Amino acid sequence: MGKKKWISNLYTYCVLVIASVFMVFPFLWLVLSSLKTEVQLFEVPIHILPDPSTLQNYRDVIVDGSMFMYMKNSLIIALITTAITLVISIPAAYALAKIRFRAGTVFFMVILVIRMVPAVTQLLPLFQILSKFHLINTRTGLIISYLPGSVIFAVMLMRTFFMEFPQELEDAGKIDGLGLLGVIRRLVIPISLPGICSATLMSFLSTWNEFMYASVIIRSPELKTMPLGIQSYVSTFQIYWGKLTANAVIYVLPVIIFTMFASKGLIKGMTAGAVKE
């Protein structure tokens, strides 16, 4: 029995190692490519390691300065979208999880159906609506376009978490004189922080990485987000691979570091409600 368990564990770890290599290799290749010159990038045969390595691509990107403008736009849009998402989704998720009303199930089914609709099919009507209100080529218009998908996902995630919240704690809070908002603010939110943090992180990342809506709604160079800024290194006749990869590394690295530190809370929040005790 012990030998079978050892073989099973070995097989599991081998699969995990292989899967990890496949997931890490693209990012490793990106980093190594950013340390190469344009000539080295197209050498035949291909050399994985840069020889010699250079930081010229990073110097060019930093001296150009546009990267900081793109990152500022991405940060502003992602933070505002995430904040509005939390303000709307926390009470909505709590209502769907804890308050019984006739249309509750129907309302949740509508949310599920909307979530299943591909985002690309919503782009044209959304563009027409934003055009009528003169919100094309504005940060406000882009934030409005992100909110429906972000709010729906956060509601679905936090509803599952709130359903596991002990009813006894809510009753105790009401006995102590707390109203509905007081229960949510003083009891539900502090205890449900892992789920809320997961929803926050997922909302921020989905907005931070979004390209399709931004490419249609944003026109001015000074309003471009980071994905659009990276795409600008792809021209009709040439792709500036060195600067593109350097920008991509700078863009992705903070997110990877933050996710690594927040992974414990993220996993706990994402798996909440998956196992019944």
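The values are calculated or read from the model by the stated rules, or taken from the named source; none is laboratory data. All of these numbers come straight from a predicted model, not from anything done at the bench. A quick note on method: Cβ atoms are made from the backbone with ideal geometry, for glycine too, and the neighbour counts reach across all protein chains shown. For the accessible areas, the whole protein counts, side chains as well, though only heavy atoms, and no ligand, DNA or RNA atoms are used. Shrake-Rupley method; radii C 1.70, N 1.55, O 1.52, S 1.80 Å.
Assorted remarks:
- For GLU170, GLU222, GLU38, GLU210, the ranking by accessible surface with the largest value first comes to GLU222, GLU38, GLU210, GLU170, using a 1.4 Å probe.
- Among the listed values [x] 1.05; [y] 1.02; [z] 0.97, the one computed from these coordinates for Rg/Rh (Cα atoms, Kirkwood Rh) is [x].
- Solvent-accessible surface of protein heavy atoms, probed at 1.4 angstrom with all chains present, puts ILE230, ILE217 in the order ILE230, ILE217, largest first.
- Of the residues MET163, MET156, MET116, MET67, the one with the largest accessible area comes first in the ranking MET116, MET163, MET156, MET67, computed with a 1.4 Å probe on protein heavy atoms.
- Rounded percent of accessible protein surface that carbon and sulfur make up, the range 171-266, 1.4 Å probe: 70 percent
- Pairs of lysines in the chain (C-alpha under 25 Å apart; 8 or more residues apart or interchain): 10
- Label positions at ILE62 and LEU181, each projected 7 Å from the Cα along the C-beta direction, are separated by 4.8 nm.
- Length gained on full extension, ILE257 to ASN209, computed as 0.36 nm times the residue gap minus the Cα-Cα distance: 15.7 nm.
- Virtual spin-label span in nm between ASP51 and MET163, 7 Å along Cα→Cβ: 5.8 nm
- Per-residue SASA entry for ILE88, accessible area with 1.4 Å probe, Å² rounded to 10: 80 Å²
- Table column - 3J(HN,Hα) (Hz), the range 60-77, Karplus curve with 6.51, -1.76, 1.60, x for Gly and Pro: 4, 5, 5, 5, 4, x, 5, 4, 5, 5, 4, 5, 5, 4, 4, 5, 4, 5
- Rolling a 1.4 Å probe across all protein chains gives ARG186 an accessible area of roughly 140 Å².
- Residue-normalised accessible area of the chain, given per residue in Å² at a 1.4 Å probe: 62 Å²
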